[in-house]
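Everything on this sheet refers to the single structure shown next.
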Protein chains: 2
Amino acid sequence: MLTKATLRFLTDLQQRKHRLAAERFVVEGAKSVIELLESGLRTERVYGTRAFLVENDWLLRRTGVPAEEATSEELVRVGSLVTNDAAIAVAELPAVAAFSGAHLPLDALTLALADVRDPGNVGTIIRLADWYGVAAVVCSPTTADPFSPKAVSASMGSIFRVSVVVADLPEMLATLPSGFPAVWGADLSGADVHSLALEPVGLLVLGSESHGLPPDVAAGLTARLHIPRRGRAESLNVAMATAILLDNFYRSH
Amino acid sequence: MLTKATLRFLTDLQQRKHRLAAERFVVEGAKSVIELLESGLRTERVYGTRAFLVENDWLLRRTGVPAEEATSEELVRVGSLVTNDAAIAVAELPAVAAFSGAHLPLDALTLALADVRDPGNVGTIIRLADWYGVAAVVCSPTTADPFSPKAVSASMGSIFRVSVVVADLPEMLATLPSGFPAVWGADLSGADVHSLALEPVGLLVLGSESHGLPPDVAAGLTARLHIPRRGRAESLNVAMATAILLDNFYRSH
């Protein structure tokens, strides 16, 4: 049985303002909670069913994370994901250090999301970054919160392994180090990705499917590319486009 | 104002058994309804707000599809997509002709989905097929219904342009024409897609993310391939994997 204060605290963490105020986010579902514990990310507490706590007793002991028993009903009530009812964890939001373009590596590819509004897409893109070994994803402030329960869930644990930062993109683009290799963006008038031998270095910026890149971000691009279409679909969703672009960047590496 | 019978009919079409019995499916949302009308698919009737009917009067006249005025509240009540409230259409399910492997073309790539349970993924894969010019997607009976409102919506109109068939996959594999080029499937022990010069001919079978291909389908593969992983994500979701594989099949074509 969780206390009223705990139920309230967990429910509040469904909202971004409360996550920012508490510097905490929730991780829902047994599989994600286990991945969180195994990632070494700072975890405040786990709430789990008796079965979950028994089954993961060794992991909880090893990580030293305090656990509290809860009923499935309680977990469903405070969470957003009706089917994931065996555990919820509260983890610390990664510290928001001052961040600028100067922090971007010259010898690796970084992803940036400008105005990607769907949390499922944001989580999926973080999962793709993790698959291809992209170390960091920078989200614009108008991108769906990567630490929302839906984005965390869609990332399938990858958000615990990829560095995810929220930052102002035009500011970041204005402070890139000298010698920064390239700022890539998708653009219908850009080069055909299949005709290029892409090196996975620089920054790849993805925008919203319906509106493309905001003008102040598009202005910072130094290279434009597009995925050629053979059929009749009007567009690809941003997660699909990211999958295809990343595969093209890493196919020879 | 819709009649009670209409409200009931539309609500029923949310369920597969009613869609099969009525040989009809619903298309929700103004954008999708317009794409349906423009596709030339047989449409029984459109229910739209006054604003939608006025704005699309020319299209409705040209296609000769009868339209009925409905309130936003009514459309939300009978539909599954709360934000798409300007129109709903009822369209005819494509005729289910006898279908076997003998119908697959030798000179083009066809997609097959074995046990893909999420309707959003099914719709997204149909959209990808449409982007790359894949003419047909064959769904196993245990795959999420491609004509469910969620799949139709995720396809963003592509389900009106791609042939989508539900068929027993092992049976289809057993009746492929002689000289059929290849039955491709994703398999961790398969060849690296980046090392192959793939021809977009034959059949590409995608399975469920968590369970892979069912044994009776896997047994019919003649070629196995995998997408190399550089990072740490455990897997890709099936729609992402489809995007990447299709891009590899069509990159030189």
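The values are calculated or read from the model by the stated rules, or taken from the named source; none is laboratory data. As the structure is a computational prediction, the values presented were derived from the model and not from experiment. Reconstructed Cβ throughout: ideal geometry from the backbone, glycine too, with neighbour counts over all protein chains shown. Surface areas here come from the heavy atoms of the whole protein model, side chains and all, with no ligands, DNA or RNA. Shrake-Rupley method; radii C 1.70, N 1.55, O 1.52, S 1.80 Å.
List of remarks:
- Charge sum, other residues only, whose C-beta stays under 10 Å from A:V238's C-beta, Lys/Arg counted +1 and Asp/Glu -1: -2
- Put simply, the amide H of A:A112, placed in the peptide plane, has neighbours under 5 Å in A:V138, A:L204, A:V205, A:L206, leaving out anything fewer than 5 places away on its chain.
- Surface composition of the protein assembly as shown: carbon plus sulfur atoms contribute 53% of the solvent-accessible area (1.4 Å probe, protein chains only, all chains present).
- Gaussian network model of chain B, springs between alpha carbon atoms under 10 Å - residue of B:A97, B:A186, B:A22 with greatest fluctuation: B:A97
- Relative counts (whole %) of C-alpha pair distances in the range B:1-141, using bins that are 5 Å wide: 2, 9, 17, 19, 20, 15, 10, 6, 3, 1, 0
- Dipole magnitude of the range B:194-253, debye to nearest 20 (Cβ charges: Lys/Arg +1, Asp/Glu -1, about Cα centre): 260 debye
- Of the residues B:L60, B:V90, B:F25, the one whose Cα sits farthest towards the positive end of the charge dipole of the range B:25-92 is B:L60 (charges of +1 on Lys and Arg Cβ, -1 on Asp and Glu Cβ, taken about the Cα centre).
- Simple spin-label estimate for B:M1 and B:Q15 gives 2.8 nm between the two label positions (7 Å along the Cα-to-Cβ direction from each Cα).
- More than 32 angstrom apart: percent of Cα pairs within chain B: 27 percent
- Remark on the protein assembly as shown: Rg and Dmax equal 24.0, 70 Å (Cα only).
- The accessible area of A:V164, taken with all protein chains in place and a 1.4 Å probe, comes to roughly 20 Å².
- The residues of the range A:114-146 occluded by other protein chains by 10 Å² or more of accessible area, set against the chain on its own, are A:T124, A:R127, A:L128, A:D130, A:W131, A:Y132, A:G133; surface from heavy atoms, 1.4 Å probe.
- Per residue accessible area of the range B:1-137, 1.4 Å probe, in Å²: 48 Å²
- Listing of the range B:199-236 residues, each with accessible area lower by at least 40 Å² in the full protein assembly than in the chain alone (probe 1.4 Å): B:R230, B:R232, B:A233, B:E234, B:L236
- Residue of chain B with the smallest Cβ distance to the axis mapping B onto A, distance rounded to whole Å: B:A243, 2.
- Above-threshold pairs, the threshold being 22 Å between Cα atoms, out of A:K17/A:K150; A:K150/B:K150; A:K150/B:K17: A:K150/B:K17
- For the range B:57-136, the spherically averaged projection of the C-alpha convex hull amounts to 8.4 nm².
- Taking chain B and dividing mean pair separation by its residue count, relative contact order in percent (alpha carbons under 8 Å, at least six apart): 19 percent
- Each Lys and Arg Cβ is given +1 and each Asp and Glu Cβ -1; about its Cα centre, the protein assembly as shown then shows a dipole of about 300 debye.
- Largest-first principal axis extents of the Cα set of the range B:103-253 (Å): 41, 38, 32
- Label spacing, shortest first and in nm, from A:A98 to its equivalents in the remaining copies (7 angstrom along Cα→Cβ): 7.6
- Relative contact order (percent, whole number), the range A:104-253, Cα cutoff 8 Å, 6+ residue spacing: 30 percent
- Placing pseudo-labels 7 Å out from each Cα toward the beta carbon at A:S189 and B:E73 gives an inter-label distance of 4.9 nm.
- Per-residue SASA entry for B:W58, accessible area with 1.4 Å probe, Å² rounded to 10: 140 Å²
- Using a 7 Å projection from Cα along Cα-to-Cβ, the label point at A:A22 is separated from the same position in the remaining copies by 4.4 nm, smallest value first.
- Calculated mean residue ellipticity at 222 nm for chain B: -9500 deg cm²/dmol, from DSSP H runs with n ≥ 4 weighted as -39500 (n - 2.57), summed, divided by the residue count and rounded to 500.
- Measure of compaction for the range A:22-84 (Cα Rg per 2.2 N^0.38 Å): 1.05
- Summed over both chains, the contact between B and A buries some 3300 Å² of accessible surface at a probe radius of 1.4 Å.
- With the convex hull drawn over the C-alpha atoms of the range B:170-252, the volume per residue is 98 Å³.
- Among B:V65, B:V26, B:V116, the residue with the largest mean-square fluctuation in a Gaussian network model of chain B, with springs joining Cα atoms closer than 10 Å, is B:V65.
- Of the listed residues B:F52, B:F180, the order by accessible area with a 1.4 Å probe, largest first, is B:F180, B:F52.
- Ordering B:S235, A:A186, A:S210 by the projection of their Cα atoms onto the charge dipole of the protein assembly as shown, which places +1 on the Cβ of Lys and Arg and -1 on the Cβ of Asp and Glu, puts A:S210 at the extreme positive end.
- If you look at the Cα atoms of the range A:149-213, you get an Rg and a Dmax of 14.7, 39 Å.
- Lys, Arg +1 and Asp, Glu -1 on Cβ, resulting dipole of chain A about Cα centre, debye, nearest 20: 220 debye
- Normalised by 2.2 N^0.38 Å, where N counts its residues, the alpha-carbon radius of gyration of the range B:79-178 equals 1.11.
- Rounded to 5, percent antiparallel among DSSP beta bridges of the protein assembly as shown: 30 percent
- Estimated distance in nm for a label pair at B:L81 and B:S163, the labels positioned 7 Å out from Cα along Cα-to-Cβ: 2.6 nm
- Copies compared at B:V54 - label distances in nm, ascending, label defined 7 Å from Cα in the Cβ direction: 6.5
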